[in-house]
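Throughout, read-outs are computed from the coordinates displayed, never taken from laboratory work. Computed from a predicted model, the values in this text were never measured in an experiment. Virtual Cβ from ideal backbone geometry, glycine too; neighbours counted across all protein chains shown.
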Amino acid sequence: MKSQRVSLWLLGAILFLCSVHARGLRRCLISMDMHQIEETFQEIKGAIQAKDTFQNITILSTSESLHSIKPLDVCCVTKSLLEFYVDRVFKDHQEVNPQILRKISSIANSFLYMQKALQQCQEQRLCHCGQEATNATRIIHDNYNQLEVRSAAIKSLGELDLFLAWMGKNHQGTATA
């Protein structure tokens, strides 16, 4: 009888902890209309990529860094790449066309919103950063640093669709309007 009570208590404790963890993960969802961001980028993609003089080089190197990310590290990599785009790419890019600049600003504002949501998750220790996540983002930063700043910004902007597609794939069900 006593062992049954202990077993039931342990089962209840495990279920409680699992439900608390699941509720915590739901708070890390990205509530953003990814389709709208993708559409905005598609409107300027051609103009951005036309400025790219290094067609044979990639910054995101998707085959190595992004596709090997484990589900546990998706939050960390997403947060790191949003930070990379907000703090480096968008700031380093110098756009003279006001229409393109407005579109880039719109995307940057969306990234800031998502970045803040994921920052809260990381502060609550719900956004795990493993060694593979750290390595993947380091590779992207290293690739960026190998080019002159303006060229790297253009290259990274031109590859934004790769990051958006990766986010869409890895945050399915979380990208709501």
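All C-alpha pair distances within the stretch 43-128, sorted into 5 Å bins from zero, spread as 3, 12, 18, 20, 20, 14, 8, 4, 0 percent across the bins. Qualifying trypsin sites (Lys or Arg not before Pro) in the stretch 65-152, where qualification requires a DSSP coil assignment and no more than 12 other C-beta atoms within 10 Å, comprise Arg125. Here each label is just a point 7 Å from Cα along the line to Cβ, and for Ala165 and Glu148 those points are 2.9 nm apart.
Pairs from the table (Lys51/Lys169; Lys91/Lys116; Lys70/Lys91) lying more than 26 angstrom apart at Cα are Lys51/Lys169; Lys70/Lys91.
Label positions at Ser31 and Leu101, each projected 7 Å from the Cα along the C-beta direction, are separated by 3.3 nm. Taking a straight Cα-Cα cut-off under 19 Å and skipping sequence neighbours fewer than 8 places away in the same chain, the aspartates and glutamates within cross-link reach of Lys45 are Asp33, Asp92, Glu95, Glu159, Asp161. In the stretch 68-145, a dipole from Cβ-located charges (positive for Lys and Arg, negative for Asp and Glu) runs towards its positive end, and of Ser80, Ile139, Val96 it is Val96 whose Cα lies farthest in that direction.
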